[in-house]
Amino acid sequence: MSSTFEALAAIGQTIIRNRQFLTDLDAAIGDGDHGINMARGFEAVAVKLQSLGADKDIGTVMKTVGMTLVSSVGGASGPLYGTAFLRAASPSLGKYELDKETAALMLAAAITGIKERGKAVRGEKTMLDALEPAYDAFVEGSNAEKSLIECLELACEAARQGVEFTKTIIATKGRASYLGERSIGHQDPGATSSYIMLQTLVEFARARG
Amino acid sequence: MVGIVIVSHSQKVAEGIREMALQMARPGQLIIAAGGMDDGGIGTDVVKVSEAIVAAHSGDGVVVMVDLGSAVMSTDTALELLDEEVRGKVKIADAPILEGTISAVVEASLGSSLEIVLATAEGARNFKKC
């Protein structure tokens with residue numbers, strides 16, 4: 001994958017395309033702004049990336065995305081995803097090509113950031129229910145000597161299953177927790193947006209070969 | 001004097017609380033509203049919050065008053081953007097935002113320490129209204 005810049009642009013476009021879908025998911029169990037907020041964030045990211053230029057290292061791009069998300073998203077997903085991207089910047093500073101080790105470190109740092117920021121753990125119907133299984137699958141693939149793209153595919157599939165899993169559990173974090181048992185049957189919007197991002201990354205990587 | 005920052009999802013709420021608190025403040029007391037998004041929308045803006053904290057910090061520390069859920073997360077994120085020296089002197093109050101702000105402003109106006117202003121803000125939770 002030679003261009004972080006283009007990968008992030010693709011992720012942004014997918015989020016913007018899914019604005020209504022994510023908002024509808026959130027309207028069912030939350031305050032109905034996840035798609036709107038995320039799309040606003042990634043619209044701001046698109047503008048920022050344009051002015052940043054395409055020749056920057058992965059860490060700088062991650063940091064720019066993180067800073068832009070925390071200042072433009074508005075809802076809880078701003079500090080959560082913003083922190084995730086900012087934390088993922090540390091292991092990728094000065095790197096121009098993504099390798100498996102760096103990708104695993106970035107994912108781990110992002111997850112730690114989300115857990116700290118949201119004071120959440122897996123099983124509470126949040127983005128962690130997509131991201132933690134994704135990380136586990138990525139590391140498992142990496143240990144089995146699979147390629148970066150294969151590892152990302154495994155991570156993506158685990159995230160998809162994680163989203164499915166969120167339909168079966170009660171939300172205990174955020175606005176959805178007010179619904180208690182009534183949140184069962186609905187998939188978590190945050191887990192869904194995390195999965196969508198991974199899915200776009202996989203498609204981007206595949207297209208690049 | 002300890003500075004006060006008001007973080008609300010709504011710009012109007014943050015500014016309205018500041019307006020009420022100013023009635024009890026000393027001239028020049030630092031009370032900064034950090035509400036809503038730049039486009040006037042509902043939400044909390046991490047960069048706006050971190051700038052407000054810097055503006056409210058005169059050396060004696062800052063107490064941050066927050067409204068709901070992600071206001072706390074945004075403030076935590078804002079703290080990460082600040083220098084260690086400033087970060088160590090910022091406290092988030094676990095208090096009702098309006099009553100807490102007014103209590104904190106009065107306590108700060110007396111020249112009280114950061115810890116005392118924080119305790120007074122959090123004590124506002126126990127106010128009986130009727």
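The values are calculated or read from the model by the stated rules, or taken from the named source; none is laboratory data. The structure displayed is predicted, hence computed values, not measured ones. Heads up, the Cβs are rebuilt from the backbone with ideal geometry, glycines too, and the neighbour counts pull from every protein chain shown. Protein only, heavy atoms only, side chains kept; ligands, DNA and RNA dropped before computing areas. Shrake-Rupley method; radii C 1.70, N 1.55, O 1.52, S 1.80 Å.
Overview of values
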quantity	calculated
Pairwise label distance in nanometres, A:E164 with B:R87, each label 7 Å out on the Cα-Cβ vector	4.1
A:V121 paired with A:V47, simple spin-label distance in nm, labels 7 Å along Cα-to-beta-carbon	4.1
Estimated [θ] at 222 nm from DSSP helical runs (n ≥ 4, -39500 (n - 2.57)) normalised by residues in the protein assembly as shown, nearest 500	-19500 deg cm²/dmol
Nonlocal amide H pairs with B:V5, under 5 Å, H built at 1.01 Å	B:I32, B:V63, B:V64, B:M65
Heavy-atom accessible area ranking, 1.4 Å probe, most first, across B:K128, B:K89	B:K128, B:K89
Size of the A/B contact, given as accessible area buried on both chains, probe 1.4 Å, in Å²	1200
Separation of the A:A28 and A:Y178 label points, Cα + 7 Å toward Cβ, nm	1.9
Alpha carbon centroid spacing (whole Å) that separates the range B:63-130 from the range A:76-127	28
Relative contact order, percent, chain B [alpha-carbon distance under 8 Å, six or more residues apart]	29
Convex hull of the range B:3-126 built on C-alpha atoms - directionally averaged projected area, nm²	6.5
Descending semi-axes in whole angstrom, ellipsoid equivalent of the protein assembly as shown, from the Cα gyration tensor	38, 22, 17
Sites A:F21 and A:E101, calculated FRET efficiency, Cβ-Cβ separation with R0 30 Å, nearest 0.05	0.35
DSSP H segments from chain B that extend 20 Å or more along their own axis, Cα-based, with Kyte-Doolittle mean of 0.5 or above	none
0 to 90° range, to nearest 10: angle between helix A:128-143 axis and chain A longest Cα axis	40
Cα long-axis angle, helix A:34-52 against chain A (0 to 90 degrees, to the nearest 10)	20
Residue-level accessible surface for B:F127, protein heavy atoms, 1.4 Å, Å²	120
Exposure rank, largest accessible area first [B:E99, A:E145, A:E157; 1.4 Å]	A:E145, A:E157, B:E99
The range A:65-148: C-alpha gyration tensor shape, a/c 1.5 cut-off, then a/b vs b/c	oblate
